[in-house]
Each structure stands twice: as structure tokens, then as C-alpha cells.
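This report refers to the structure that appears directly beneath it.
The values are calculated or read from the model by the stated rules, or taken from the named source; none is laboratory data. Everything numeric here is computed off the predicted structure, so don't read it as measured data. All Cβ positions, glycine included, derive from the backbone under ideal geometry; neighbour counts span all protein chains shown.
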Amino acid sequence: MSNSSQTLQRSRSGLFSDGFDIGQMLLKGRAFFALIAIIAVFSFLSPYYFSASNFLTMASHVAIYAILAMGMLLVILNGGIDLSVGSTLGLSGIIAGFLMQGVTLKALGVTLYPSVWVVVVLSCALGAVVGLVNGVLIARFRVPAFVATLGVMYVVRGIALLITNGLTYNNLSGQADLGNTGFNWLGFNRLFNIPIGVLVMILIGIIGSLVLNRTAFGRWLYASGGNERAAELSGVPTKRVQIMVYMLSGICAAVAGLILSSQLTSAGPTAGTSYELTAIAAVVIGGAALTGGRGNIRGTLLGAFVIGFLSDGLVIIGISSYWQTVFTGGVIVLAVLLNAVQYKKRAKPAPKASPQQTGKPA
Amino acid sequence: MDQLPASYLAPDIVLSARNVVKSYGNTHALKGVNFDIHRGKVTTLFGENGAGKSTLMKILSGVISPTSGAITLDGKPIHFANSTDARDHGISIIHQELSLAPNLSVRDNIFMGREIMTPTGVNFAEEARQAQSLMEELEEEIDPLTPVEELRLGQQQIVEIARALSVDSRILIMDEPTSALSASEVEVLFKVIRDLTGRGVSIVYISHHLEEALQITDYAVVLRDGNITATADAKDIDLEWIVRNMVGENFDLGSPPTGYDFGEVALSIRDVSVAGALAGTFVVDHLSLDVRAGEIVCIYGLMGAGRTELLECIAGRVPKIGGQIMLEGHEVSRLTIAQRIAEGLALVPEDRQRDGLVQTMSVGENLSLASITNFVRGLFLSTGLERNLIQQSIKAVTVKTSGGDAPIGSLSGGNQQKVVIGKMLATNPRVIILDEPSRGIDVGAKAEVFKLLAERAKTGLAVVYSTSEVGECLSIAHRIIVMSRGKIAAEFSADATKEEIMAASGEAVVA
Ligand SMILES: Nc1ncnc2c1ncn2[C@@H]1O[C@H](COP(=O)(O)OP(=O)(O)OP(=O)(O)O)[C@@H](O)[C@H]1O
Ligand SMILES: [Mg+2]
């Protein structure tokens with residue numbers, strides 16, 4: 001796709017017949033160059049920014065957004081949107097906190113303290129269930145994704161508040177004699193000096209890339225996001241793909257929730273509020289099209305790093321959080337603007353409202 | 001439009017293009033083309049798929065700009081900034097691919113971007129009135145308030161034509177306007193075209209229905225690989241001339257393959273109905289049909305005869321009412337589309353943009369989509385196997401492309417159609433159903449595709465295809481089914497005549 005957009009640009013502006021390749025390269029690699037620019041500017045502004053330890057700290061913040069964003073990417077590739085991931089992230093932390101406090105079975109008069117891996121598995125399963133609800137609403141009952149996941153977002157947040165009565169679980173470390181220690185491992189430990197959260201992000205990134213590029217499921221996902229009717233008639237199980245995508249997004253959100261509550265050593269019912277928007281922003285900055293069918297993991301990871309490194313940088317140089325909001329917003333708008341430039345040639349000149357028509361010769 | 005300014009009555013050429021070149025990277029779609037549009041006449045552009053016809057028309061109508069070359073309108077050099085600019089100069093175009101907004105009504109589509117305004121807003125009543133009269137002119141019973149997505153493909157094409165007619169243009173470019181129209185609708189369109197040329201409007205016409213085009217045209221121009229290779233007065237030429245200049249040799253559409261026996265019944269439809277838009281009506285009405293392995297069956301019928309609905313019902317796209325659909329002796333009605341494909345039942349849909357192609361993917365990814373599970377080794381896709389299949393398919397259905405990685409949108413319309421056919425053939429079906437497979441493909445490619453189907457039939461593939469062109473019924477089909485109002489109206493063997501077939505479909509036989 002790249003070369004035809006390039007040629008079209010070239011034919012439109014014969015002036016750039018040679019220099020344009022650089023412009024095209026900058027446009028295509030915009031998330032990457034934005035990241036370089038951010039690092040350069042903040043390294044210049046603050047002596048603390050450019051250091052391995054700071055990068056690792058920032059990366060462990062990024063990991064949360066990145067994991068959410070990779071789940072979101074799958075949904076967006078499918079042509080949907082998942083607004084419930086922030087709530088799912090919160091609920092996942094709450095469930096973990098709840099289980100860490102011990103589950104009292106009144107009938108038997110015992111209190112069970114599940115070990116950490118059980119807690120992790122149950123939280124992820126919960127994320128999958130939330131995703132399943134989204135997926136079934138959207139695929140089977142044809143509720144628009146925006147509305148379905150908006151509703152689920154409220155419900156899930158409400159459940160988190162109900163479970164805790166609005167309070168926060170502060171004791172997540174477990175006790176050695178109960179055999180449920182180790183929850184902090186996710187947030188604090190390092191392997192080869194790299195935070196576990198970052199490693200999880202890398203792992204999910206690798207798996208995600210493999211799934212998208214090298215499996216039938218990945219191809220199905222791109223196809224049904226690009227043109228659902230055509231995909232269905234080609235034998236793609238579009239409904240199953242759609243449900244799977246929301247489940248995977250839910251699982252990613254649950255994993256992010258576990259890492260976040262472990263990093264914070266506490267689980268609050270309002271954790272992750274509005275994170276879904278950050279995740280969407282990362283996906284968009286990464287070059288994915290909200291109409292579906294276009295995007296990849298690499299871009300999304302870059303998008304998450306752009307957002308994370310920018311906001312951490314602003315904190316480090318001491319800019320007010322109000323300005324941070326403004327800057328982040330600006331970056332998002334700029335990213336969408338550039339997406340529009342990149343995909344412009346796909347819009348047909350004749351008026352056309354159908355989203356399936358994006359791949360036409362202009 | 002009735003009174004053309006005297007100033008340009010003088011020369012016969014209203015618009016001319018000189019040395020037009022259009023390149024997409026290393027693809028040279030046009031290599032220095034000279035083309036004239038004759039005032040008040042029909043100029044037809046013939047050429048193979050990918051010859052550059054649409055590209056040239058898009059340049060003349062301001063949709064794209066040429067890499068180099070000059071255009072003169074009424075003897076004055078001109079440059080169109082965009083299609084609106086060209087429209088303001090009196091040039092409008094009917095695109096090969098429909099460019100309608102499916103969610104909007106017929107009326108809104110016709111007046112999109114040119115709404116009739118009053119001081120208080122859009123004058124919907126006037127728009128509806130004009131839309132209605134356009135529909136009457138085209139002899140089509142379509143309510144202007146119907147959303148376009150509820151119309152059949154042929155009717156959508158009519159709306160597209162109506163939109164171009166609603167602009168009073170001096171030059172009207174029609175890029176395959178009839179690819180989804182029935183013979184009688186084409187007759188109506190031709191009447192409209194004669195009326196327009198009578199009023200001094202110049203027409204450029206493109207079609208792969210060569211005989212049909214020959215009826216209407218005054219001048220013929222042949223484009224081959226981006227060059228004009230022949231021009232002639234329509235009086236001096238015949239079909240053979242066109243084909244010879246287009247592809248260099250003569251093609252016939254083949255004859256039914258012989259020399260083997262049909263196998264068991266591969267596809268058996270028993271008493272199947274499909275509900276119509278109104279409660280209690282049927283678009284497919286208690287229809288039964290058997291097709292044996294190795295047999296090629298053609299379904300002919302007018303628009304609205306229920307062909308598409310029948311074929312989509314067999315493939316699992318639309319639900320059936322009652323009856324049975326059996327594939328090699330077992331019931332498939334409960335299976336999903338994917339399961340039917342896995343069982344060996346494949347459909348090539350009618351509307352390639354909406355149902356056939358994933359526009360965001362490459363040529364290769366489109367070709368392998370339906371058979372993708374065949375390339376899974378362990379967990380992952382084998383790219384080598386996939387690439388082999390893509391190469392083979394591109395060769396088999398003769399897709400003109402720079403390679404499997406090219407975006408599907410860079411292909412000419414006919415080549416996109418070939419990709420859809422190749423994709424379904426790659427699933428190795430036992431029964432293949434093709435809904436208007438020849439839509440938009442050139443004579444050579446049509447012959448290739450039919451030959452391919454005939455060859456596969458010899459090895460036991462059951463083929464069912466539908467067509468609106470009688471000539472195509474009498475090519476490779478062993479048996480011709482004529483559908484009318486959801487029922488089988490008549491059945492013919494391969495030695496039927498065109499007249500018999502058309503009469504059975506309830507169509508006025510055209511001379
Ligand atoms: N946007 C594009 N990028 C790259 N190549 C293109 C693009 N548009 C058209 N082409 C190429 O230009 C050539 C001419 O295409 P064009 O659409 O004009 O063919 P056509 O004569 O209209 O064929 P058909 O009968 O199939 O409609 C083809 O080889 C096509 O692949
Ligand atoms: Mg064309």
C-alpha cells in the first residue's frame with residue numbers, strides 16, 4: 001500500500017519527484033520520529049530524563065497503556081471500539097484485592113487464601129467474561145460496539161464500586177504463612193533488570209504480532225475489519241472472530257489491571273478511569289484506521305510510548321498537569337490528521353459514505 | 001442544453017486529449033494517448049481489462065490529473081482541478097464502480113452535493129419530483145425515497161445513471177454503465193442516449209458487451225496497454241474488428257465440454273423459497289433444481305427474477321423458507337457459509353465491491369482469503385504455500401497486476417472481478433455458483449474464465465452461473481434454466497436459440 005500512496009502523491013506534486021520519499025518516510029514512520037523528538041526535547045530540557053533507569057521507570061508506566069492498547073488494537077482492526085477496558089482494568093485489580101484478603105466460605109466455616117497464580121488466572125478469566133459479554137452483545141445482538149461497551153463500562157465500574165463499597169484494598173502483599181505472597185512481583189520485580197510489567201508487554205507484543213501476521217485468525221481479523229460482508233462470504237467466521245477480539249481485549253485489560261495494582265500496591269475501584277481513551281489514542285497515533293482493517297502492533301506500541309514518554313517528560317520538567325492534558329490532546333489530533341493524510345488517496349473523489357470503499361483507486 | 005452557444009458549433013470535436021500519460025510508479029496506465037470526443041455523437045472506447053480505459057476517463061472528468069499531456073475543450077486548453085471543476089465545465093461521469101451512499105435515499109444520492117436550495121433549506125419536494133421523472137425516463141419503478149442499500153445492484157446502477165443525467169452536461173462519460181443491467185434496461189438506456197445525442201450531448205461509452213456497444217456507437221476507439229491502437233467509424237467495422245484490435249486474436253466463448261459422463265447429483269435444491277420484501281411474497285418460489293457433478297448450468301433471467309436471491313440462499317447468505325438444499329446427498333441448510341465452503345460449496349457474489357473484496361488488503365491476501373486455513377501448518381500460516389497459491393491463481397484467472405503485494409484498489413475493475421473468481425476457485429469446490437461472473441471482464445478474460453470452468457467441470461466440478469447476457473448462456477452451459485418471478489419458467493439444452501431463451505424469460509425480443 002505504501003508505494004501506491006507514494007506514487008499518487010508524487011504525481012500530484014511533480015515538484016517533489018525525488019525529495020518526496022523523505023516526506024513519505026517521515027509520514028509513515030511518524031510515531032517513531034515523534035518518539036525520537038520527544039526523547040530529544042526532554043533530554044535537552046532535563047538532565048534526569050535521559051538515563052537507563054528513567055527509561056525503565058517510564059517503560060513500566062507505558063506497559064499499562066500499551067497492554068490495554070494492544071487489546072484495543074484488535075478491536076479497532078475489527079472495526080469496533082471497546083470503551084469498557086478502563087473499567088475492566090479497575091475490576092480486575094479489585095477482584096485480585098478481594099481474593100488476596102481471603103474468601104470466607106460461611107457454610108464450611110473456612111477462609112480460603114488462593115495463591116497468587118490462582119488470583120491471576122481468575123482475574124484474567126474475569127476479563128475474558130467481560131469481553132464475552134461485549135462480544136455477544138455486538139456480534140449476536142447487533143448492538144453497536146460503541147453503545148454496548150459504553151454500557152458495559154458503567155456496569156463493570158459499578159460492580160467494582162459495589163464490591164469494595166467505594167473503598168480501596170491496600171493490603172495486596174499476602175502473608176507467607178498463608179502461602180499467598182508474591183503479588184508484588186508483577187509490579188516491582190525485575191528480570192535481567194527489566195520490570196516484569198515491561199516484559200509482559202513485550203511478550204504480549206510478540207504474541208500479538210505473530211497472531212496478526214502469521215495465523216489464519218489474524219487474516220480473518222483484518223479481513224472482517226476491512227469488509228465484513230466480503231469476509232463472511234469468503235468463509236470467515238466473522239461472528240466468532242468478533243467475539244474473540246473482545247475477549248482478548250478484556251484479558252489484556254485484566255492483565256493491565258493486575259500490573260497496575262501491583263505497582264501501586266493497592267487496588268481502588270476507580271483505577272483505570274478514562275484509560276480506554278488513552279488506549280484508543282495510542283492505537284490511533286500508531287497509525288491504525290478507526291474504520292478497521294489497518295494497523296499493527298508495532299505502531300500501537302510506538303503510540304503508547306509516545307503518550308507515556310510525553311506525559312512522564314512533562315512531569316519531570318515540572319509542567320502542570322493541566323498542560324499535560326493539553327499536550328496529549330494536541331498529539332492525538334496531530335496523529336489523526338496525519339492518518340488522514342496517509343489514507344487520503346483511498347477516499348474516492350466522488351461522494352461516498354460507505355466505509356467499505358476505502359481501498360479504491362483514486 | 002437545448003441551445004448550445006454558437007461559438008462551438010464549428011468543429012466536430014468538442015474535447016480532445018493529446019499525448020496523455022499516466023503513470024503509477026512503474027505502472028504506465030496510459031502511454032501518450034490521443035483521444036477525441038465527437039460532438040453529439042457516441043464514442044466508444046474498447047479495450048482489455050487494465051488497458052487504461054477508466055484511467056483515461058477519470059482524467060477527462062477531472063477525477064485524477066495526468067502525469068503529462070494536454071486537454072483542450074472547444075479548442076481551448078484546459079486543466080481540471082477536480083471533478084467538480086469538470087462538472088462545472090459540463091462534463092460528468094458515471095463511474096465503473098458505483099459511488100452511491102448506501103444509507104441515503106435515491107433522491108438524496110441523485111442530488112448529493114448539488115442540493116436544490118431555497119432560502120429555508122433544501123427543496124426536498126422539488127428534488128423528489130425531479131428524481132421521480134428521471135426514474136420514469138429510465139422506465140424504472142423505484143420510489144425516490146427508498147434507501148439505495150435496499151435496491152438490487154442493477155437498480156443501483158440505474159440511480160448512478162440518473163445522477164449523471166440530472167446534471168445537464170455537454171459531455172457524459174459512461175464507464176460500463178450496463179454491467180448490471182438487463183437487456184431491456186439497456187434498451188431504455190440506449191433510447192435515453194439517442195435522445196441525448198439528438199440534443200447535442202456528446203457521449204463516451206465503455207462496455208465489455210461488445211455487440212451491445214456496437215449498436216449504439218458512432219465512433220470506435222481501441223485502447224491496448226495504454227496506447228490507442230485503432231480508431232474507426234462504426235459504420236466500417238464489425239465485432240470481429242473490435243476483438244482483433246483489442247486482443248489480437250478472435251475469441252469465442254467456447255462450447256459445452258463433452259467427452260465425459262456427468263457424475264452423481266452434486267447439488268440438489270428441493271422446493272426452496274426465499275421471502276420477498278413484502279410479507280407473504282416470495283422472490284424464490286418453491287424452486288427445485290438438480291445439478292450433477294461435471295454439469296454446467298446457466299441461469300438466465302431478467303432483473304428481479306430471483307436469481308441472486310436463489311444463489312445467495314444456496315450459499316447460506318439469505319435464509320430459505322422450507323425445502324432442502326443437498327450437497328452430494330446431505331443436507332447443508334443448517335450449515336454456516338464457512339461450513340458450506342469447507343464442504344465444497346462456493347459462491348462468487350454479484351457485487352464485487354460490497355461482497356467480493358476486502359479493499360484494505362492486497363491482491364494476494366484477497367486471493368488466499370477463502371482458502372487460508374489450507375495453509376496453516378501447526379499454529380502458523382506457511383507463507384511459502386500461500387505465495388504459491390497466489391501465483392497460481394493470478395495465472396489461472398489471468399489477473400493483470402504488478403504482483404500479489406499490490407493493493408487491490410490498484411487493479412482495474414475487470415481484474416478485481418477476476419480476483420473474486422480466483423479466490424473462490426482456490427477453495428477447490430465441488431460445486432461453484434457464480435452470480436454474473438462476467439461482470440466487467442473483457443472478451444479474452446471471459447473466454448479464459450469459461451475455459452477454466454469447463455476444464456474443472458471435466459474433473460467433476462458442478463458449475464452454476466447466472467447471466468443477463470443471452471450470448472453467455474449459449475457458451476459453455478449444458479443446460480439453460482430461465483427464471484422468472486422466482487420460478488423456473490423454462491429449461492433448454494445447449495442447442496437452444498437466443499430468441500427462445502429471451503421469449504421464455506418474458507423479455508421482449510430485441511432485434
Ligand atoms: N491507483 C492505482 N495505482 C496503481 N496502478 C493503477 C491504479 N489505478 C489503475 N492502475 C493500473 O492502471 C492500469 C489501467 O487501469 P484501468 O482501470 O484504467 O483499466 P480499464 O481499462 O478501465 O480496465 P477494466 O476494463 O478492467 O475496467 C491497470 O494496469 C491498473 O492496474
Ligand atoms: Mg475500468
_Against the condition over 23 Å from A:Ala148 (Cα atoms), within 14 Å of chain B (Cβ to nearest Cβ) and among the aliphatic types (A, V, I, L, M), how does A:Leu314 come out, does it pass?_
no
All-but-one check, B:Val21 against (1) surrounded by fewer than 21 Cβ atoms within 10 Å (Cβ to Cβ); (2) under 29 Å from B:Trp241 (Cβ atoms); (3) hydrophobic (A, V, I, L, M, F, W, C); (4) more than 12 Å from chain A (Cβ to nearest Cβ), failing number (4)
Among the residues of the stretch B:76-128, the number that are among the β-branched types (Val, Ile, Thr), away from ligand 1 (no atom under 16 Å from the Cβ) and either under 13 Å from B:Val63 (Cα atoms) or part of a loop (DSSP other than H, G, I, E, B) (or both) is 4
Of the residues in the stretch B:262-281, those that are surrounded by fewer than 18 Cβ atoms within 10 Å (Cβ to Cβ) and not in a loop (DSSP other than H, G, I, E, B) come to B:Val265, B:Arg270, B:Asp271, B:Ala275
Output for Cβ contacts, cut-off 6 Å, separation at least six or different chains, first residue within 14 Å of B:Lys395 (Cα to Cα) and within 14 Å of another protein chain (Cβ to nearest Cβ) in the stretch B:442-456, second outside any helix (DSSP H, G or I) and within 13 Å of ligand 1 (Cβ to nearest atom), reads none
Note to self: Take B:Ile116 and tell me if it is more than 10 Å from chain A (Cβ to nearest Cβ), closer than 27 Å to B:Ser412 by Cβ and not small (Gly, Ala, Ser).
What the structure shows: no
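Which one of these is over 17 Å from the mean Cα position of the chain (by Cα) and within 13 Å of ligand 2 (Cβ to nearest atom): B:Lys400, B:Lys423, B:Lys395?
Among B:Lys400, B:Lys423, B:Lys395, only B:Lys400 is over 17 Å from the mean Cα position of the chain (by Cα) and within 13 Å of ligand 2 (Cβ to nearest atom).
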Only one of B:Glu140, B:Glu127, B:Glu176 is on the phi > 0 side of the Ramachandran plot, acidic (Asp, Glu) and buried (at least 19 other Cβ atoms within 10 Å of the Cβ), namely B:Glu176
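The rows are residues; the columns are (1) more than 23 Å from B:Ile13 (Cβ to Cβ); (2) within 11 Å of chain A (Cβ to nearest Cβ).
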position: B:Ser65; (1), (2): no, yes
position: B:Thr72; (1), (2): no, no
position: B:His79; (1), (2): no, no
position: B:Asp88; (1), (2): no, no
position: B:Glu97; (1), (2): yes, yes
position: B:Asp108; (1), (2): yes, yes
position: B:Leu134; (1), (2): yes, no
position: B:Leu138; (1), (2): yes, no
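Regarding B:Arg340, is this residue closer than 22 Å to A:Glu228 by Cα and either part of a loop (DSSP other than H, G, I, E, B) or among the polar types (S, T, N, Q) (or both)?
The answer is no for B:Arg340.
Just checking, which of B:Ser484, B:Ser412, B:Ser438 is more than 16 Å from ligand 1 (Cβ to nearest atom) and not charged (D, E, K, R)? Before you say what the answer is, go through the steps one by one.
Values: B:Ser412 fails: more than 16 Å from ligand 1 (Cβ to nearest atom); B:Ser438 fails: more than 16 Å from ligand 1 (Cβ to nearest atom).
Just one listed residue meets the conditions, B:Ser484.
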Apart from one, (1) at pLDDT below 90; (2) part of a strand (DSSP E or B); (3) in contact with a helix residue (DSSP H, G or I) (Cβ under 7 Å, 6 or more places away or on another chain) all hold for B:Asp285; the odd one out is (3)
Checking A:Leu83, A:Leu56, A:Leu108, A:Leu89 in turn, the sole residue that is aliphatic (A, V, I, L, M), assigned to a helix (DSSP H, G or I) and out of contact with any strand residue (DSSP E or B) (no Cβ under 8 Å at 6 or more places or on another chain) turns out to be A:Leu89
Picked from the stretch B:52-106 (must be of a type in the set (Lys, Arg) and at pLDDT 90 or above), the residue farthest from ligand 2 (Cβ to nearest atom) is B:Lys58
Taking the stretch B:232-246 and keeping only residues that are crowded, with 16+ Cβ neighbours inside 10 Å and either within 16 Å of ligand 2 (Cβ to nearest atom) or within 17 Å of B:Tyr205 (Cα to Cα) (or both), one is left with B:Ala234, B:Ile237, B:Ile242, B:Val243, B:Met246
Note on the stretch A:152-203: residues over 20 Å from A:Gly131 (Cβ atoms), within 24 Å of the chain's Cα centre (by Cα) and part of a helix (DSSP H, G or I) are A:Leu161, A:Asn184, A:Trp185, A:Leu186, A:Gly187, A:Phe188, A:Ile196, A:Gly197, A:Val198, A:Leu199, A:Ile202
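Would you mention how many residues in the stretch B:13-38 are of a type in the set (Gly, Ala, Ser), within 12 Å of ligand 1 (Cβ to nearest atom) and within 12 Å of B:Leu56 (Cβ to Cβ)?
Within the stretch B:13-38, the first condition is being of a type in the set (Gly, Ala, Ser), and the residues that meet it are B:16-17, B:23, B:25, B:29, B:32.
So of that shortlist, the ones also within 12 Å of ligand 1 (Cβ to nearest atom) come out as B:23, B:25, B:29.
Among the residues that remain, those that are also within 12 Å of B:Leu56 (Cβ to Cβ) are: B:29.
The qualifying residues number 1.
Residue-wise test of (1) surrounded by fewer than 18 Cβ atoms within 10 Å (Cβ to Cβ); (2) under 15 Å from A:Gly97 (Cβ atoms); (3) away from chain B (no Cβ under 14 Å); (4) not aliphatic (A, V, I, L, M).
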| position | (1), (2), (3), (4) |
| --- | --- |
| A:Thr168 | yes, yes, yes, yes |
| A:Asp177 | yes, no, yes, yes |
| A:Thr181 | yes, yes, yes, yes |
| A:Leu186 | no, yes, yes, no |
| A:Asn193 | yes, no, yes, yes |
| A:Met201 | no, no, yes, no |
| A:Arg214 | yes, no, no, yes |
| A:Gly218 | no, no, no, yes |
When every residue in the stretch B:39-53 that is within 15 Å of ligand 1 (Cβ to nearest atom) and touching a helix residue (DSSP H, G or I) at 6+ places or on another chain (Cβ under 7 Å) is compared, the one nearest to B:Gly440 (Cα to Cα) is B:Asn49
All-but-one check, B:Gly403 against (1) within 9 Å of chain A (Cβ to nearest Cβ); (2) at pLDDT below 90, failing number (1)
Scanning the stretch A:25-53 for residues that are of a type in the set (Ser, Thr, Tyr) and part of a loop (DSSP other than H, G, I, E, B), the one farthest from A:Leu314 (Cα to Cα) turns out to be A:Ser51
Counted residues in the stretch B:170-200 being assigned to a loop (DSSP other than H, G, I, E, B) and away from ligand 2 (no atom under 16 Å from the Cβ) come to 5
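One line per residue, one yes/no per condition, for (1) surrounded by fewer than 18 Cβ atoms within 10 Å (Cβ to Cβ); (2) within 30 Å of B:Val20 (Cβ to Cβ); (3) not aliphatic (A, V, I, L, M):
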{"residue": "B:Leu100", "(1), (2), (3)": "no, yes, no"}
{"residue": "B:Glu149", "(1), (2), (3)": "yes, no, yes"}
{"residue": "B:Ile161", "(1), (2), (3)": "no, yes, no"}
{"residue": "B:Asp168", "(1), (2), (3)": "yes, yes, yes"}
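Every residue, every condition in (1) of a type in the set (Lys, Arg); (2) over 15 Å from B:Ile110 (Cβ atoms); (3) away from ligand 1 (no atom under 16 Å from the Cβ), yes or no:
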site: B:Ala162; (1), (2), (3): no, no, yes
site: B:Lys191; (1), (2), (3): yes, yes, yes
site: B:Arg199; (1), (2), (3): yes, yes, yes
site: B:Val204; (1), (2), (3): no, yes, no
